[in-house]
Structure formats: structure tokens, C-alpha cells
Amino acid sequence: MNELAKLPATLFSPAKMVYIAYLILLVWKTTAASHCEFFVVSLLFLLVEIGHNDWLRIRLNNNAEKNRPDFLKGS
């Protein structure tokens, strides 16, 4: 059940939400975007997503755990 509670955060990370907004704007755009532009923006958001999930979130969690008060730390 705990994994089910984490599902919205997994599906809708900040980078994914921005990428979805980019895709919506791309569809509504009157002039067609080039394939190169789409590839570059997609690659950029992929790198941001990897950096967020694999580096930044781990560092933030480790920093939060170090600064956690002693009475909240498990034994």
C-alpha cells in the first residue's frame, strides 16, 4: 500500500509536468516545430529528469536525514 501512495509523485515529477506542458504547447503551436528542436528539448528534459531523480533527490534526502532531530531518528 505504501508504494501506491508514492505513485502520484513518481508519475508527475516536476520535469515530467514541464515536459507535458511543452508537448501541449507544441501541439497548439500554429507553425510546426522541427524534428531537431523536438529532439533537443526532449533530450534536455530527459537529462533534467535523470539529474532530479538520481542525484538531486538522493542528496536532499541524505541532507535531511543528517539534520533530523535525535528524538525523531530510529534506533
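Each value in this text was obtained by applying a stated rule to the coordinates, not by laboratory testing. Only a predicted model underlies this, so the values are computations on that prediction, with no experimental measurement involved. Positions of Cβ are generated from backbone atoms using ideal geometry, with glycine treated the same way; all protein chains shown enter the neighbour counts.
The figures follow:
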read-out	value
Spacing of the two label points (7 Å from each Cα toward its C-beta) at ASP70 and ASP54, in nm	3.9
Potential lengthening between SER34 and LEU46 on full extension [0.36 nm per residue; Cα-Cα distance subtracted]	2.5 nm
Computed magnitude of the charge dipole of the range 15-65 (debye, nearest 20; Cβ of K, R +1, Cβ of D, E -1)	100
Highest average packing first - 41-48, 57-64, Cβ atoms within 10 Å	41-48, 57-64
